[in-house]
Amino acid sequence: MIYLDLFIGFLQVGLFAFGGAYGAIPLIREVVLSYGWIGDEMLTYMIAVSESTPGPIMINLATYVGSSQAGIPGALIATTSVILPSFVFILVIMVALKKVFQSIWVQAALRGMKPCIIGIILATGAYMILEHCFFNLSDLSVDLTATIMTVALGAIYFGSRKILKKGISPIGLIGISAIAGIVVYAL
Amino acid sequence: MGILLDLFLTFAKIGLFTFGGGYALISLIQDTCIEKKGWISHDEMMDVTVVAESTPGPIAINCATYVGYRQKGMAGAVVATVGLVLPSFLIILLISGFLDNFLEIAWIAHAFWGIKIAVGILIFDAALRMIRKMKGGLLPKIFMVCAAVSMFLINIFSLRISAIVLMLASAVVSLSVFMIGREKK
């Protein structure tokens, strides 16, 4: 039965997908292909669409695959089941296991993990910016349009905080960058 | 406005503008839920981020669920999570039902090219804000720099090492430092 398959398949994805959407893609591929829901080529296209639409990639992909297999009910089931493990985990760890979470041992481990995640996020951001400014990171050929736009957007975003009281919000930056992308290509 | 409606609308807005994975969302949560609404503190957000990264599933869901729960218990958790997911759910349904060539539409591709740049800046900014709130002297900074350098090399050389390995390693080192410190006392 397709609904049950979708539920179990995406529950597996939600349960075992560590390290963000990109780390999860091999797992998603395995699940989707083993059930024979869609082919490899279609999956690659769906991943690209999921990246280019708002929302977490993993969830977009679940909605997409679910709706392609069983319409709106399929989309609902696949999306719910991929979300369910995260929903439960965070509440169990931070609310139900609050005492354990605050024990000296867990806190000692967290003292290392917190700066570590900051470093990971910093490196990911820096890498994404560089990746965008160079066509190819190995021979360092610069994409001039992207570099100018990165500098301009960075200056607007960080500069606005110095000049205005509140500065431009992240949502504002997303909006400006989308319009700038369209305008730059239209010129 | 009731808190549940506020949670729903706030997370729907965040969901609508979250592109390119969970890290970019951190920046939106910092801006909206911490600085504007005061729903959670920077410290709590740091805890949520660590737990989110160490457990499976999308970071975005962990954040929405936790913030919702802190405001209004289970109902808040459900409402915030549904709010976060709803915009992308509807957009994907629309695309899968009506658009076979979504990615070939020129202006969408160009807009997304621009958004990708913004996403890099937002992720970088999320880390900067966290660094500014960091406590505890030199040791955390060493952890941070080591993790950043390792992650950068992993990205550049496309190594198949997950970020979770770095997290585990730093947990082990940090625990060892703590235990050695206790032994000495």
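The set of residues in region A:167-183 that are within 7 Å of another protein chain (Cβ to nearest Cβ) and hydrophobic (A, V, I, L, M, F, W, C) comprises A:Ile171, A:Leu173, A:Ile174, A:Ala178, A:Ala180, A:Ile182. Looking at (1) outside any helix (DSSP H, G or I); (2) more than 8 Å from chain A (Cβ to nearest Cβ), can you tell me which one B:Ser176 breaks? So the condition that B:Ser176 fails would be (1). Within region B:123-142, residues that are aromatic (Phe, Trp, Tyr) sit with their Cβ atoms under 6 Å from residues that are at pLDDT 90 or above, at 6+ positions apart or across chains, in these pairs: B:Phe124/A:Gly125. Looking across A:Gly119, A:Gly172, one residue alone is surrounded by 18 or more Cβ atoms within 10 Å (Cβ to Cβ), part of a helix (DSSP H, G or I) and under 25 Å from the mean Cα position of the chain (by Cα). It is A:Gly119. The set of residues in region A:83-119 being more than 7 Å from every other protein chain (Cβ to nearest Cβ), in contact with a helix residue (DSSP H, G or I) (Cβ under 7 Å, 6 or more places away or on another chain) and within 23 Å of B:Met130 (Cβ to Cβ) consists of A:Phe101, A:Val106.
Against the test of being of a type outside the set (Gly, Ala, Ser), in contact (Cβ under 8 Å) with a residue 24 or more places away in the chain and outside the structural domain of A:Ala178 (by TED's automatic domain parsing), the options A:Ile38, A:Ile47 yield a single qualifying residue, A:Ile38.
Yes/no matrix, rows are residues, columns are (1) at pLDDT 90 or above; (2) over 21 Å from the mean Cα position of the chain (by Cα); (3) in a helix (DSSP H, G or I); (4) under 30 Å from B:Val48 (Cα atoms):
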position	(1), (2), (3), (4)
B:Leu103	no, yes, yes, no
B:Ala118	yes, no, yes, yes
B:Lys135	no, no, no, yes
B:Phe143	yes, no, yes, yes
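Can you find a residue that is under 15 Å from B:Ile59 (Cβ atoms) and assigned by TED's automatic domain parsing to the domain that holds A:Ala17 anywhere in region A:93-105? Within region A:93-105, one or more residues are under 15 Å from B:Ile59 (Cβ atoms) and assigned by TED's automatic domain parsing to the domain that holds A:Ala17. Looking at region B:48-80, which of its residues are more than 7 Å from chain A (Cβ to nearest Cβ), charged (D, E, K, R) and over 13 Å from B:Asp6 (Cα atoms)? Correct list: B:Arg70 only. Here the condition is being of a type in the set (Ser, Thr, Tyr) and at the interface with chain A (Cβ under 7 Å from one of its Cβ atoms); of B:Ser150, B:Ser88, it holds for B:Ser88 alone. None of A:Ala78, A:Ala146 is outside any loop (DSSP other than H, G, I, E, B) and at the interface with chain B (Cβ under 10 Å from one of its Cβ atoms) except A:Ala146.
Every residue, every condition in (1) within 12 Å of chain B (Cβ to nearest Cβ); (2) aliphatic (A, V, I, L, M); (3) within 22 Å of B:Ile26 (Cα to Cα); (4) surrounded by 17 or more Cβ atoms within 10 Å (Cβ to Cβ), yes or no:
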site	(1), (2), (3), (4)
A:Phe10	yes, no, no, yes
A:Pro26	yes, no, no, no
A:Leu33	no, yes, no, no
A:Met42	yes, yes, no, no
A:Met58	yes, yes, yes, yes
A:Leu61	yes, yes, yes, yes
A:Ser67	yes, no, no, yes
A:Gly71	yes, no, no, no
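When A:Ala146 is tested against (1) among the hydrophobic types (A, V, I, L, M, F, W, C); (2) touching a residue at least 24 places away in the same chain (Cβ under 8 Å); (3) buried (at least 20 other Cβ atoms within 10 Å of the Cβ), exactly one condition is not met: (2).
As a summary of the residue check, B:Gly83 satisfies the conditions (1) among the small types (Gly, Ala, Ser); (2) over 18 Å from A:Lys98 (Cα atoms); (3) at the interface with another protein chain (Cβ under 8 Å from one of its Cβ atoms); (4) touching a residue at least 40 places away in the same chain (Cβ under 8 Å) except for the one numbered (3). Taking region B:134-161 as the range and being closer than 14 Å to A:Gly119 by Cα and among the polar types (S, T, N, Q) as the test, the residues that pass are B:Ser150, B:Asn155.
The values are calculated or read from the model by the stated rules, or taken from the named source; none is laboratory data. These figures come from a predicted structure and were not determined experimentally. Cβ atoms come from the backbone with ideal geometry, glycine included; neighbour counts cover every protein chain shown.
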